[in-house]
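The values are calculated or read from the model by the stated rules, or taken from the named source; none is laboratory data. A quick note: this is a predicted structure, and the numbers were derived from the prediction, not measured. Counting neighbours? That spans all protein chains shown, and the Cβs are built from the backbone with ideal geometry, glycine included.
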Amino acid sequence: MDVVLTYRGRHVTADDVAFIRRLIGAHPDASRRALSRKLCEAWGWMQPNGELKDMVCRGMMLALHRAGHIELPEPRWACTQPSRRLQPARVKVDTSAVHCTLAALGPIELQQVRRTGAQERLFDHLVAAHHYLGYRTPVGEHLKFLLYVQGRPVACFAWSSTAAKLALRDRFIGWSAQARRHNLHMVAYNTRFVVLPWVQVPHLASHALGRMARELSGHWQRVYGHPVHLTETYVDPARFRGTCYRAANWLYLGRTTGRGKNARTKQITRTKKDVLVLPLTKDFRRRLQTVSCRGDELGGKRRP
């Protein structure tokens, strides 16, 4: 197999490049986005929920273009301000104090609010205003949750796709590189968790984490067409001890190297974080170690 490029662990061959060149030549007026969608359709490159893997395909085509293997049309528009840095609009919120025991708090409602309009805007504002890392627009698979008590938000959760490689987690699972590429989408990363500052309820954080653990996989299945078997998060030990995670039965695996996922040297460039994980199924290792037949290296059916 003549591999000309490896993109996100997937091998692109010379035959693949020739096919893409023919596709571009057959649609001279198509935009980059349209071409990536046509390529996904031709190769059966789909997410488990049936959506096209358009963004991943577009990134692969751009990598081939930059390496000189294909010639893409000029971009139709340019982003002058990265969307991930745009600050959410402010939303008026009742900030009167909530100070009671967990038992006295009453029923807690957990709502998935991604793509819900006003509720998602409320979530974005609360995370931007009250989480120490602020808000960044997620990429890839992700879900957002609000916890409500009597119609008032009391906490926020954000979950997303996880890093392709994390030594501590990978050793804990014990999966091969091939299994990791096939099953990484079944690990979710808790990117944000904040109990709102005017809510002073002992044990609410660990209770909310437990509630989240019971319901997360079902929400992921409904939105993305596949379950989640393991969750992970990183805790800055200079700021937090991760007490609520440990109280909710999360497991401490160790501390990151502080080099980041794109590090080219062994120099420490960022804060070392504590890594904690929580299995959501008893046989999570078997499920994550198993490599099923999911098509070719590009994650879809090979074209005729």
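Quick notes on this one:
- Number of the condition not met by ALA103 [criteria: (1) surrounded by fewer than 14 Cβ atoms within 10 Å (Cβ to Cβ); (2) part of a loop (DSSP other than H, G, I, E, B)]: (2)
- Search result, residues across the stretch 160-208 that are part of a helix (DSSP H, G or I) and touching a Leu at 6+ places or on another chain (Cβ under 7 Å): LEU168, ARG169, PHE172, ILE173, ALA179, ASN183, MET186, LEU204, HIS207, ALA208
- In the stretch 75-104, the residues that are of a type in the set (Asp, Glu) and at pLDDT below 90: none
- The set of residues from the stretch 160-181 being of a type in the set (A, V, I, L, M, F, W, C), within 16 Å of GLU232 (Cβ to Cβ), touching a helix residue (DSSP H, G or I) at 6+ places or on another chain (Cβ under 8 Å) and surrounded by 16 or more Cβ atoms within 10 Å (Cβ to Cβ) comprises ILE173, TRP175.
- Restricting ARG8, ARG114, ARG58 to residues that are among the charged types (D, E, K, R), within 28 Å of HIS226 (Cα to Cα) and in the same structural domain as ARG214 (by TED's automatic domain parsing) narrows the list to ARG114.
- Search result, residues across the stretch 52-64 that are touching a residue at least 40 places away in the same chain (Cβ under 8 Å) and not in a loop (DSSP other than H, G, I, E, B): MET55, VAL56, GLY59, MET60, MET61, ALA63, LEU64
- Positions within the stretch 8-37 being assigned to a loop (DSSP other than H, G, I, E, B), over 21 Å from the mean Cα position of the chain (by Cα) and exposed (fewer than 15 other Cβ atoms within 10 Å of the Cβ), in sequence order: HIS27, PRO28, ASP29
- Selection within the stretch 38-48 - in a loop (DSSP other than H, G, I, E, B) and either surrounded by fewer than 18 Cβ atoms within 10 Å (Cβ to Cβ) or modelled with pLDDT under 80 (or both): GLY44, GLN47, PRO48
- Applying the criterion of being over 25 Å from PHE193 (Cβ atoms) and among the aliphatic types (A, V, I, L, M) to the residues of the stretch 255-304, the residue that is modelled with the highest pLDDT is VAL291.
- Where a residue in the stretch 192-206 is closer than 13 Å to THR243 by Cβ and its partner, wherever it lies, is not aliphatic (A, V, I, L, M), with Cβ under 6 Å and at least six apart: PHE193/PHE157; ALA205/CYS244; SER206/CYS244
- Residue check, ALA164 farther than 24 Å from HIS125 by Cα and assigned by TED's automatic domain parsing to the domain that holds ARG136: yes
- Enumeration of residues in the stretch 108-125 that are touching a helix residue (DSSP H, G or I) at 6+ places or on another chain (Cβ under 8 Å) and under 20 Å from GLY210 (Cα atoms): ILE108, LEU110, GLN111, GLN112, VAL113
Yes/no matrix, rows are residues, columns are (1) touching a residue at least 40 places away in the same chain (Cβ under 8 Å); (2) surrounded by fewer than 16 Cβ atoms within 10 Å (Cβ to Cβ); (3) in contact with a strand residue (DSSP E or B) (Cβ under 9 Å, 6 or more places away or on another chain):
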position	(1), (2), (3)
GLY50	yes, yes, no
PRO107	yes, yes, yes
GLN111	no, yes, yes
HIS125	no, no, no
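- Considering the stretch 134-159, and only residues there that are hydroxyl-bearing (Ser, Thr, Tyr) and in a loop (DSSP other than H, G, I, E, B), the residue that is surrounded by the most Cβ atoms within 10 Å (Cβ to Cβ) turns out to be TYR135.
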